[in-house]
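Engineer: The structure follows.
A short reminder: the numbers here are calculations on the coordinates, not readings from a lab. Being a predicted model, the structure only gives us computed values, none of them experimental. Neighbour counts are summed over all protein chains in view; Cβ atoms, including those assigned to glycine, are modelled from backbone coordinates with ideal geometry.
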Amino acid sequence: MGDIVDKLGISLPVLLTQVVTFIILLVILRFVAYKPIMRMLDERSKRVKESMEQAESIKEQSARAEEEVKKQLEEAGREGQERIARAVKAGEGVKQKAQAEAKQEAEALVDRARTEIQRERDEAIGEVRREFADLTIMAAGKVIDRSLDKEEHKELIEKVLEESKTDKKE
């Protein structure tokens, strides 16, 4: 084996010195560089982990807030529909009340018109009777060629008219 090591150009004392130097360098690097670098990497990893947890928490809060907003919107929609339904119902009530009032007013107007028509009819009939009585008296006066007592004749005509009126009703 020594032969092979010599052929390769490796000297054993130099190799041992380099190995010891390498080990010392590793120990120094471990205390001086490796531990601070690892500590720094651990802190950074910890900060990244906290940031990820915070981002996840914010995401969950956002989802909850979104759900809450959605629920509030649905509630507002239902409340709006209820208000619309109440307004429509109130409008129907007002409409029905107005129709009832209009119907009552129309009926009252028709009743007044009927009463007025009946009164005017009665007045017209009375007027026709008076004129008829006057004409009858005049005609009778001309036929008899003498003057009759107007009052007696009117009473006689009224009596005849009443009798004819009752005869027609029967």
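Engineer: If the reach is capped at under 16 angstrom between alpha carbons, list the lysines near residue 150, excluding any in the same chain fewer than eight residues apart.
Structural biologist: Cα-Cα hits under 16 Å: 142, 159.
Engineer: Which angle from 0 to 90°, rounded to the nearest 10, does the C-alpha axis of helix 35-144 make with the longest principal axis of the chain?
Structural biologist: 0
Engineer: What is the spin-label model distance, in nm, from residue 118 to residue 15 if the labels are put 7 Å beyond Cα along the C-beta direction?
Structural biologist: Modelled inter-label distance: 14.5 nm.
Engineer: Which residue, 115, 136, 17, tops the fluctuation ranking in a GNM of the chain built on C-alpha contacts under 10 Å?
Structural biologist: It is 17.
Engineer: Can you give me the angle between helix 12-29 and the longest principal axis of the chain, using Cα atoms only, in degrees from 0 to 90, rounded to the nearest 10?
Structural biologist: 30
Engineer: Mind giving me the nanometre distance, one decimal, between the label points for residue 40 and residue 98, set 7 Å out from Cα along Cα→Cβ?
Structural biologist: Spacing of the two 7 Å Cα→Cβ label points: 8.4 nm.
Engineer: Mind giving me the FRET efficiency for residue 90 and residue 58? R0 is 41 Å, r the Cβ-Cβ distance, nearest 0.05 is fine.
Structural biologist: Details: r = 47 Å, r/R0 = 1.14.
The value I calculate is 0.30.
Engineer: Just to be sure I follow the rule: in region 1-135, considering lysines 8 or more places apart or on different chains, how many pairs have Cα atoms under 18 Å apart? Kindly include the intermediate steps, with their values, before the conclusion.
Structural biologist: Values: 35/46; 49/59; 59/70; 89/97; 95/103.
Final tally of qualifying lysine pairs is 5.
Engineer: Only counting other Cβ atoms within 10 Å, I'd like 134, 122 sorted with the fewest neighbours first.
Structural biologist: On the way: 134 14, 122 10.
Listing 134, 122 from fewest to most nearby Cβ atoms yields 122, 134.
Engineer: Apply the Debye scattering formula to region 2-169, with a single equal point scatterer on each alpha-carbon and no solvent, then give log10 I(q)/I(0) at q = 0.09, 0.14 Å⁻¹.
Structural biologist: Taken in order of the listed q values, log10 I(q)/I(0) reads -0.80, -1.03.
Engineer: Turning to a different aspect of this structure: Kindly list the residues of region 96-114 that lie in the label zone of residue 128, defined by a backbone N under 14 Å from the point 7 Å along the Cα-to-C-beta vector.
Structural biologist: Taking a point 7 Å out along Cα→Cβ of residue 128, no residue of region 96-114 has its backbone N under 14 Å.
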